[in-house]
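Undergrad: Structure below; questions to follow.
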Amino acid sequence: MAKVEVKYTKIFINNEWLNSVSGKTFATINPTTEEKLADIQEGDKDDINKAVEAAVAAFKLGSEWRNLDASARGRLINKFADLIQRDIEYLARLETADNGKPYTQALGDIQFAIGGLRYYAGWADKIHGKTVPADGKVFSYTKIEPVGVCGQIIPWNYPIPMLAWKLGPALACGNTLVVKPAEQTPLTALYIASLVVEAGFPPGVINIVPGYGPTAGGALVEHPNVDKIAFTGSTEVGKLIMKNGSGTLKRVSLELGGKSPLVVTKENFRCAKPRRTSLKRCALVNMGQCCAAATRTFVHESIYDQFVNHFAQLAQKRLTMMGDPFEKDTQHGPQIDDEQANKILGLIESGKKEGARVVAGGKRAQRKGYFIEPTVFADVTDQMRIAREEIFGPVQQILKYKTLDEVIERANNTTYGLAAGILTNDLNQALKYSSSVRAGSVWVNTYLHVAPQTPFGGFKQSGHEREMGEDGLKAYCEIKTVTIGLS
């Protein structure tokens, strides 16, 4: 296991590194070795107050940030992306140590994040209003203005991409930010904070406060001077954020959990690409720690047994690629922590008890670290817990279906609505499914193809608002109508 130097462990406020007001620290753990990487300064309400104060000052009329040309904001974001690109190898090593994902996957995550920042850098001077042909002797127009101080709460499964998803549009629109990274994975956010200064952002524009959800996160959500909260994480926590943020009527955008369906039609079993897509983009992607993963794979009854056998073989092959995430052949790392591993194991046991058939994996790996074997369940029914609850681990459910109408109804029979997919050579099937399934993203003959240009977010209890694409700007803007009477 490679050793990685940890360079930043303090709270970042007003372009300065600070100790927590309370003096408390918390440990961040390497999930591969179960060993402590570093002690991090633990932010709580007092530290959030200081960060918000800095963000409010940076957003004041006449401040350096507010006086900056929109095109200059874009250049700053591009320079920020340049610095992340320069340090990509170190950041990937740091992410692998703190998160456990394979190093090659961490590199891919960061390249995706850089692309997102560059996309929004290009938008900075293209956000503008309209002239409006209003009735009466008036001249009316709209102005697009930043929301103000935005709190952003980042998850642990994709720490750098999720940070970029939120920083990019918020900065392009001219907001100031207080960011709380996940307590499990604070290290890359803190290193990226050091690049904020190097890029040339004015003090107070970006502030990063590591800490726990109920304390630092809770204080950010409830703070009266925070105008907006953006959160990516579990549906349960998303509900708390909506409730606790309602006292100040702040804007809230949520990207939450999923139990996404992928339909494999009968003509696709003989096609190698859909099989590979199913494996890579089902519940095994990122060790199952992906909200949009296709955890419910519906396979036509005529090919069901063949598909299950093939998928089990592929999962067993993946088991041989489990190990040290710094090794080049490793494709499957550990879960994020012991708590998450135990939750996953509990749901695996529920699947066994309710009658699902384990065809691969099904237990914790006999090695140090929070490793769970890639697990595949067959003979899964819609009523089982493993078919209804978000497991957020490498546990794949394969269900059987007969007709497209039936599978559409079953796909929609969930409280979630984040993503869906279908593998088919029939254009009519593709159009019918994509029009009928209730999900924010629908992929046809691919899966999890997320790009900076395409909006991402969910229906129902998978959240609301969108991130990425032009639509990702809307959550960070206010529309002001100006009407001038004419004589």
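Undergrad: Out of region 45-67, which residues are over 17 Å from C150 (Cβ atoms) and of a type outside the set (D, E, K, R)?
TA: L61, G62, N67
Undergrad: Just to be sure I understand the filter: pairs with C-beta atoms under 7 Å, separated by 6 or more residues or on different chains, first member in region 19-36 and in contact (Cβ under 8 Å) with a residue 24 or more places away in the chain and under 17 Å from R367 (Cα atoms), second member among the hydroxyl-bearing types (S, T, Y) and exposed (fewer than 15 other Cβ atoms within 10 Å of the Cβ). Which pairs pass?
TA: Pairs found: none.
Undergrad: Restricted to region 427-468, and to residues that are in contact (Cβ under 8 Å) with a residue 60 or more places away in the chain, polar (S, T, N, Q) and part of a loop (DSSP other than H, G, I, E, B), which residue is farthest from L167 (Cα to Cα)?
TA: Selected residue: N445.
Residue-wise test of (1) modelled with pLDDT under 95; (2) among the aromatic types (F, W, Y).
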site: F311; (1), (2): yes, yes
site: K317; (1), (2): yes, no
site: M322; (1), (2): no, no
site: P334; (1), (2): no, no
site: A341; (1), (2): no, no
site: I344; (1), (2): no, no
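Undergrad: Moving on. Cβ-Cβ below 7 Å, separation at least six or inter-chain, first residue in region 91-111 and without any contact (Cβ under 8 Å) to a residue 24 or more places away in the chain, second among the aromatic types (F, W, Y) and part of a helix (DSSP H, G or I): which pairs?
TA: Every condition considered, the pairs that remain are A92/Y103.
Undergrad: Can you name the helices (runs of 4 or more DSSP H) wholly within region 81-176 that have at least 1 residues being surrounded by fewer than 16 Cβ atoms within 10 Å (Cβ to Cβ)?
TA: 88-99, 103-123
Undergrad: Taking L345 and the conditions (1) over 17 Å from I398 (Cβ atoms); (2) in contact with a helix residue (DSSP H, G or I) (Cβ under 9 Å, 6 or more places away or on another chain), which numbered condition does it fall short on, given that it satisfies the others?
TA: Checking L345 against (1) over 17 Å from I398 (Cβ atoms); (2) in contact with a helix residue (DSSP H, G or I) (Cβ under 9 Å, 6 or more places away or on another chain), the one that fails is (2).
Undergrad: Something else about it: Which of (1) touching a helix residue (DSSP H, G or I) at 6+ places or on another chain (Cβ under 7 Å); (2) without any contact (Cβ under 8 Å) to a residue 60 or more places away in the chain is the odd one out, the single condition P214 does not satisfy?
TA: (1)
Undergrad: I would also like to ask the following. Got a number for residues in region 1-30 being under 21 Å from I336 (Cα atoms) and of a type in the set (V, I, T)? Quick ask: steps written out before the conclusion?
TA: First, the residues of region 1-30 that are under 21 Å from I336 (Cα atoms): 1-6, 8-9, 25-30.
So of that shortlist, the ones also of a type in the set (V, I, T) come out as 4, 6, 9, 25, 28-29.
Here the count works out to 6.
Undergrad: Something else about it: For region 414-443, how many residues are farther than 22 Å from E255 by Cβ and of a type outside the set (D, E, K, R)? Give the steps one after another, and end with the answer.
TA: At the first step, the residues of region 414-443 found to be farther than 22 Å from E255 by Cβ are 422-433, 435-436.
If we keep only those that are of a type outside the set (D, E, K, R) as well, we get 422-425, 427-431, 433, 435-436.
So the answer is 12.
Undergrad: State which residue is nearest to L18 (Cα to Cα) when the search covers only region 211-234 and only residues that are among the hydroxyl-bearing types (S, T, Y) and part of a loop (DSSP other than H, G, I, E, B).
TA: Y212
Undergrad: So T277 fits all but one of (1) surrounded by 19 or more Cβ atoms within 10 Å (Cβ to Cβ); (2) modelled with pLDDT of 95 or more; what number is the exception?
TA: In the conditions (1) surrounded by 19 or more Cβ atoms within 10 Å (Cβ to Cβ); (2) modelled with pLDDT of 95 or more, T277 misses (2) alone.
Undergrad: Here's something else I'd like to know. Can you tell me which residue among T330, T320 is touching a Gly at 6+ places or on another chain (Cβ under 6 Å) and within 30 Å of P159 (Cβ to Cβ)? Outline the logic, then answer.
TA: Values: T320 fails: touching a Gly at 6+ places or on another chain (Cβ under 6 Å).
None of the other options fit; the residue is T330.
Undergrad: Would you tally the residues in region 444-480 being among the basic types (K, R) and in contact with a Phe, Trp or Tyr (Cβ under 8 Å, 6 or more places away or on another chain)?
TA: 2
Undergrad: Check whether at least one residue in region 359-368 is in contact (Cβ under 8 Å) with a residue 24 or more places away in the chain, under 26 Å from the mean Cα position of the chain (by Cα) and not in a loop (DSSP other than H, G, I, E, B), and report yes or no.
TA: Scanning region 359-368 turns up no residue that is in contact (Cβ under 8 Å) with a residue 24 or more places away in the chain, under 26 Å from the mean Cα position of the chain (by Cα) and not in a loop (DSSP other than H, G, I, E, B).
Undergrad: Next question, about the same structure. For the list (1) more than 16 Å from the chain's Cα centre (by Cα); (2) under 23 Å from E267 (Cβ atoms), I need the number of the one condition that L448 fails.
TA: Result: L448 fails condition (1) only.
Undergrad: To continue, here is another question. Quick one: in region 14-55, which of the residues that are among the β-branched types (V, I, T) and surrounded by fewer than 18 Cβ atoms within 10 Å (Cβ to Cβ) is farthest from F371 (Cα to Cα)?
TA: Just the residues of region 14-55 that are among the β-branched types (V, I, T), to begin with: 21, 25, 28-29, 32-33, 40, 48, 52.
From what's left, surrounded by fewer than 18 Cβ atoms within 10 Å (Cβ to Cβ): 21, 25, 33.
On the way: V21: 36, T25: 27, T33: 10 Å.
Filtering region 14-55 for residues that are among the β-branched types (V, I, T) and surrounded by fewer than 18 Cβ atoms within 10 Å (Cβ to Cβ), the one farthest from F371 (Cα to Cα) comes out as V21.
The values are calculated or read from the model by the stated rules, or taken from the named source; none is laboratory data. Small disclaimer: the values here were computed from a predicted structure and weren't measured. Methodologically, a virtual Cβ is constructed for each residue, glycine included, from the backbone with ideal geometry; neighbour enumeration extends over all protein chains shown.
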